[in-house]
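Just so it is clear, none of the values below were taken in a lab; they were calculated from the coordinates. Keep in mind that what you see is a predicted model, and the values were worked out from it rather than measured. Here the Cβ positions follow ideal geometry from the backbone for every residue, glycine too, while neighbour counts run over all protein chains shown.
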């Protein structure tokens with residue numbers, strides 16, 4: 001079985017997507033964009049023993065590889081459409097591939113994303129690169145660089161759960177909600193798609209809220225302050241970790257795939273059942289200050305970085 | 001240095017590309033497609049010790065990662081525009097990255113391709129995935145599936161050189177032309193862009209002429225016959241390998257990155273200095289027959305395949 005057959009067998013799905021003229025099976029995919037839309041392209045790679053433990057299930061690896069990219073698409077205010085996969089494996093095992101493809105499907109199908117191409121190769125470690133291209137009304141993508149002094153800083157959902165779930169699993173423990181938040185992060189695609197025209201800047205929380213918000217502020221050339229009492233902490237996280245650990249996980253745990261964005265507080269779109277919490281304000285200057293009871297708290301960023 | 005800084009430092013180039021609204025540095029790239037064009041997306045991965053030897057220079061790895069994708073774009077009759085890079089490395093060494101980026105640039109700049117995003121990760125082996133998106137007049141992409149009975153089968157340039165160069169290097173020998181053909185394959189982007197409306201089907205020669213032409217014929221639901229005397233063999237290949245080896249390298253060596261296509265012989269676009277050779281005909285039925293002096297020659301496909 002060559003790599004071409006591999007891809008066909010495990011990843012091809014019947015699709016009636018009208019925007020896919022040619023999918024998997026030719027030298028390239030042929031896609032038909034809508035008029036008056038910009039394209040938004042994101043790519044994210046997961047490497048065994050770096051981004052996921054060797055014992056993570058193939059389903060969860062496939063799911064995560066898509067979810068982390070959907071989260072980037074959401075942070076741009078775009079609509080996800082087409083996906084490609086570059087998959088490097090030590091061996092081609094049918095059960096692994098079936099489970100992996102099911103996870104990939106599970107995350108993609110929920111948002112109408114079609115797998116249109118890919119490349120499967122043999123190598124000494126598992127590397128999963130997914131690229132998703134979406135679209136957005138021309139000129140309406142949300143960047144990191146648009147935050148304005150006076151904007152309110154918001155974050156969706158709750159933060160710290162995923163890192164808590166990961167730490168519990170590593171310690172041989174489990175808590176259902178936290179484990180699920182780690183294993184199956186939910187990208188905020190629907191809400192992200194409503195943020196155009198409302199959010200002045202946005203980023204998805206992957207490295208950790210503190211680090212990612214710092215990046216947004218720095219790209220915008222502004223400073224910010226957040227009130228630690230306002231951080232949205234889930235009941236499950238509160239009941240499982242002490243207050244200091246909650247704070248560390250919420251600020252630096254990462255893998256949340258929530259959206260952190262800045263906006264005029266009077267101009268928020270309807271978020272439905274998704275909680276959206278104001279955590280601070282954009283102000284002149286540079287850097288991110290953490291406050292508690294109105295006083296500055298010394299917080300050292302320890303968000304996850306490669307090649308540190 | 002985190003992966004984000006890595007990408008910025010080594011891969012960011014000044015660009016005045018009008019079709020790139022946002023390049024490297026945000027959650028995603030924002031691209032502006034031209035109206036009435038289809039998108040063509042290709043992705044190809046190179047893995048250390050599988051697609052390139054561990055001692056291949058970083059420049060050559062970067063060059064090749066782009067060239068193999070450009071070749072797929074050319075085979076679709078498209079114009080390459082935007083590129084993303086997913087790069088997995090054991091370590092982040094400045095000299096390696098500079099050399100790699102120079103190779104990437106060298107192959108991309110010749111065709112006006114802009115690097116618009118990517119992800120750099122740590123891992124136990126070097127994996128380079130490049131994705132290129134191009135465009136083509138809506139409905140005009142050249143597929144593998146359009147070959148018609150009576151069409152002539154053509155191939156550009158000469159075949160077998162690259163594999164010959166690779167074999168010589170592996171044996172500690174060198175021949176300047178063949179080594180260059182292996183190290184710096186030239187994707188036939190310009191000619192591919194002229195093939196729309198002329199070629200009925202096309203594929204790029206990466207696995208080997210025999211295997212790749214078989215794929216084209218199979219996708220088109222037709223058979224074909226080629227005359228081995230017509231295979232375009234370079235003078236360098238003729239003078240370095242015996243006749244049997246020339247044939248093996250030309251038919252199954254692979255890594256040629258020439259275009260194999262079918263067309264009405266009366267309807268070829270101007271190929272300028274690029275040699276285009278008629279090597280056979282499309283006929284009813286299935287399979288690919290090799291002929292010599294009008295007689296069938298038994299040829300066993302031994303093109304390179306992963307996970308064989």
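Measuring from a point 7 Å out along Cα→Cβ, what nm distances, shortest first, does residue A:176 have to its partners in the other copies?
7.4
Give me the percent relative contact order of chain A, please, defined on Cα pairs under 8 angstrom at least 6 residues apart.
22 percent.
For a Förster distance of 41 Å, can you work out the FRET efficiency between the beta-carbons of residue A:296 and residue A:55, rounded to the nearest 0.05?
It comes to 0.45.
Under a plain spin-label model, where a point goes 7 Å from the Cα along Cα-to-Cβ, how far apart in nm are residue A:238 and residue A:34?
It is 4.1 nm.
Specify whether the C-alpha gyration tensor of the range B:195-308 places it in the rounded, prolate or oblate class, a ≥ b ≥ c being the square roots of the eigenvalues: rounded for a/c under 1.5, otherwise prolate if a/b is larger than b/c and oblate if not.
It is rounded, given that a/c, with a ≥ b ≥ c, falls under 1.5.
Based on the alpha-carbon set only, what is the convex hull volume of chain B divided per residue, in Å³?
For chain B, the hull spanned by Cα atoms encloses 142 Å³ per residue.
Mind running the shape call on the range A:235-297? Use the C-alpha gyration tensor, a ≥ b ≥ c as the square roots of the eigenvalues: rounded below 1.5 for a/c, prolate if a/b tops b/c, oblate otherwise.
Working: a/c = 1.99, a/b = 1.14, b/c = 1.74.
Oblate is the answer for the range A:235-297, as a/c is 1.5 or above yet b/c matches or exceeds a/b.
Could you put B:177, A:261, A:11 in order, starting from the residue whose Cβ has the fewest other Cβ atoms within 10 Å? The partial results should precede the final answer.
Numbers: B:177 17, A:261 32, A:11 21.
So the ranking, lowest neighbour count to highest, is B:177, A:11, A:261.
Answer rounded, prolate or oblate for the protein assembly as shown, using the Cα gyration tensor with square roots of eigenvalues a ≥ b ≥ c: rounded when a/c is under 1.5, else prolate when a/b is larger than b/c, else oblate.
Prolate, because a/c is 1.5 or more and a/b exceeds b/c.
How many nanometers, to one decimal and shortest first, lie between the label point of residue B:289 and those of its other copies, if labels sit 7 Å from Cα toward Cβ?
8.5
Length gain on complete extension for the stretch residue B:90 to residue B:198, per 0.36 nm per residue less the alpha carbon to alpha carbon distance?
Extending this stretch completely gives an extra 34.3 nm.
Considering Cα pairs under 8 angstrom that are at least six residues apart, work out the relative contact order of the range B:147-215 and quote it in whole percent.
27 percent
Using the 7 Å Cα-to-Cβ label point, sort the distances from residue A:36 to its equivalents in the other copies shortest first and give them in nm to one decimal.
Result for residue A:36, in nm, nearest copy first: 1.8.
When chain B is modelled as a GNM with alpha-carbon springs shorter than 10 Å, which of B:122, B:180, B:248 fluctuates the most?
B:122
Roughly how crowded by other chains is peptide B:47-58, in terms of the mean Cβ count from those chains within 10 Å of each of its Cβ atoms?
The mean count of partner-chain Cβ atoms within 10 Å per residue comes to 2.
So how far apart, in nm, are the two label points at residue B:16 and residue A:12 if each is 7 Å from Cα heading toward Cβ?
4.6 nm
I'd like the FRET efficiency for residue A:102 and residue A:275, computed as 1/(1 + (r/R0)^6) with the beta carbon distance as r and R0 of 25 Å, rounded to 0.05.
For R0 = 25 Å, the calculated efficiency reads 0.25.
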